[in-house]
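Reading through the structure tokens given below for one structure.
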Amino acid sequence: MFLKGGDFCLMEQVDIQWFPGHMTRTRRKIQESLKMVDAVVEIVDARIPLSSRNPEMDTLTAGKPRMVILNKADLADEAATKRWMAYFRSQGVATLAVDCKSGRGCNQFHNALRELLSDLEEKWESTGAHRAIRAMIVGIPNVGKSSFINRVASGKRTRAEDRPGVT
């Protein structure tokens with residue numbers, strides 16, 4: 001806010017809350033649910049992997065095994081996708097390139113997730129615990145979360161639309 005008077009201009013600091021309420025609720029739900037999942041799977045657009053990520057996801061999910069799914073790989077440059085996969089792996093994050101519309105690469109997800117959690121599965125086996133792996137699927141709107149879930153779950157489990165907030 002500016003207050004003008006004579007030859008001076010007094011500027012008062014105003015804190016503006018720009019973070020939309022639905023994003024705050026989602027962040028809170030992610031934080032609450034993290035203790036119930038074994039891994040976090042983030043879906044990004046293979047054409048713009050960094051731009052299609054929530055910048056808070058790394059700190060929000062720190063401490064959990066993570067995988068980045070580069071969706072729409074059929075629309076991205078193959079060499080660039082390979083470089084992005086190498087980049088994410090160098091950050092300690094498992095990666096997989098897929099095309100949810102055709103299903104290409106989606107059949108590799110279960111094995112990639114089991115490989116990511118192999119230490120945890122060994123721990124379960126040594127204690128005699130047998131349970132399903134629980135993964136949280138996250139991503140900004142329109143990267144293909146619903147399409148990925150439907151492909152991997154072999155059927156229509158979630159509604160997939162080309163508008164934010166459906167999943």
Scanning for something part of a loop (DSSP other than H, G, I, E, B) and at pLDDT below 95, does the range 116-128 turn up at least one residue? yes
Name every residue in the range 77-106 that is closer than 20 Å to residue 146 by Cα and more than 16 Å from the chain's Cα centre (by Cα), in order of residue number. 101, 102, 103, 104, 105
Select from the range 33-53 the residues that are over 15 Å from residue 94 (Cβ atoms) and assigned to a strand (DSSP E or B) and list them in ascending order. 45
Quick check on residue 112: is it over 16 Å from residue 154 (Cα atoms) and open to solvent by 20 Å² or more (accessible area, probe 1.4 Å)? yes
Looking at 29, 101 in this structure, which one is outside any strand (DSSP E or B) and without any contact (Cβ under 8 Å) to a residue 40 or more places away in the chain? 29
Can you find a residue that is touching a strand residue (DSSP E or B) at 6+ places or on another chain (Cβ under 7 Å), closer than 23 Å to residue 48 by Cα, of a type in the set (A, V, I, L, M) and modelled with pLDDT of 95 or more anywhere in the range 144-153? no
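Modelled with pLDDT of 95 or more, of a type outside the set (D, E, K, R) and open to solvent by 40 Å² or more (accessible area, probe 1.4 Å): is that true of residue 137 in this structure? Walk me through how you get there before you give the answer.
On the way: modelled with pLDDT of 95 or more: yes; of a type outside the set (D, E, K, R): yes; open to solvent by 40 Å² or more (accessible area, probe 1.4 Å): yes.
Yes.
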Of the residues in the range 42-63, those that are in contact (Cβ under 8 Å) with a residue 60 or more places away in the chain and open to solvent by 50 Å² or more (accessible area, probe 1.4 Å) number 0
Taking the conditions exactly as written (open to solvent by 70 Å² or more (accessible area, probe 1.4 Å) and over 18 Å from residue 153 (Cα atoms)), does residue 102 satisfy them or not? no
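Based on what the data block shows, is residue 80 at pLDDT 95 or above, assigned to a helix (DSSP H, G or I) and open to solvent by less than 50 Å² (accessible area, probe 1.4 Å)?
On the way: at pLDDT 95 or above: yes; assigned to a helix (DSSP H, G or I): yes; open to solvent by less than 50 Å² (accessible area, probe 1.4 Å): yes.
Criteria met by residue 80.
The values are calculated or read from the model by the stated rules, or taken from the named source; none is laboratory data. Given the structure is predicted, the values throughout are model-derived calculations rather than measurements. With ideal geometry, Cβ positions are generated from the backbone for all residues, glycine too; neighbour counts draw on all protein chains shown. Just so you know, the surface numbers come from the protein's heavy atoms only, side chains and all, with ligands and any DNA or RNA stripped out. Shrake-Rupley method; radii C 1.70, N 1.55, O 1.52, S 1.80 Å.
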